[in-house]
Amino acid sequence: MPASDPATDLPLERPSERPSERRGAARTAVVWEALRPVLAAAPDSALDVLDIGGGTGGFAVRVAEQGHRVSVVDPSPDALASLARRARELGVEVAGEQGDLSSLLEVTGPDSADVVLCHGVLEVVDDAAAALATIRTVLRPGGTLSLLLAQRHAAVVARAMAGHFPQALALLDDSAPAGRAGRRFTHDEITGLLDAAGFEVTAVHGVRVFADLVPSSLLDLEPGATAALVELEHAVSERPEYLPLATQLHLLAH
């Protein structure tokens, strides 16, 4: 059985023999660790959880398994169909609605969520400030935003390590959207945007500090390597000196 938290029984990772899923567990473990106390905040009642851009339900279905009411808003009908199949296979209910941040209020209405998951979405919206203002309206007073986004400093390092030096140089101070990955944020940029939208940041975590640098073959072939990597990722996730190396930043805000 995978390791889990005694209070919430939320697994750190699902048992799997597939290498891709082992690598995926190493990349998402820090986020799940941060979400555990949020999801356990009301142990005797279900929370209304909204997953914006939740796609095929990688997060949403697992949250629903904890007994919460989960809705996914995503622009892709194919992704929502995959979400429905996954939820059905695992015996949980997840509501899927087609839409995006620009139509969020029409789909959900104000003050409709106790927890909002916005993972990998803010990078591709046209106006990040407006998007956060919309989320602020959807979130109930006292609710929690879980925000996961790409970090620019790590992208510079990745480009340089791949030998793409002109691209690395161009990314140093460029916050404009670039390619399919969209915009990348620094810690100061995103905390400034959250503050302007009326949020109070309560936690910041560096995600995938080492997970994207470790050779895949090591995780695939070395017994215990994934668990050791997850432990290391947890150990550095809240150390500010390692934030610039993190591929992603995860923030919790009220």
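Evaluating A130 against the criteria (1) more than 23 Å from L35 (Cβ to Cβ); (2) among the aliphatic types (A, V, I, L, M); (3) in a strand (DSSP E or B) leaves one unmet condition, (3). When we screen V201, V209 for residues that are in contact with an Asp or Glu (Cβ under 8 Å, 6 or more places away or on another chain) and buried (at least 17 other Cβ atoms within 10 Å of the Cβ), the only hit is V209. Checked against the criterion of being assigned to a helix (DSSP H, G or I), more than 26 Å from S216 (Cβ to Cβ) and open to solvent by 10 Å² or more (accessible area, probe 1.4 Å), the candidates A84, A79, A42 yield just one match: A84.
When E106 is tested against (1) over 18 Å from F185 (Cβ atoms); (2) modelled with pLDDT of 95 or more, only condition (2) is not met. Within segment 97-113, restricting attention to residues that are outside any loop (DSSP other than H, G, I, E, B) and open to solvent by 40 Å² or more (accessible area, probe 1.4 Å), the residue that is nearest to L148 (Cα to Cα) is S102.
The values are calculated or read from the model by the stated rules, or taken from the named source; none is laboratory data. Because the structure is a prediction, the values reported are computed rather than measured. Cβ atoms come from the backbone with ideal geometry, glycine included; neighbour counts cover every protein chain shown. Ligands, DNA and RNA are stripped out before the accessible areas are found, and what is left, the full protein with its side chains, is counted by its heavy atoms. Shrake-Rupley method; radii C 1.70, N 1.55, O 1.52, S 1.80 Å.
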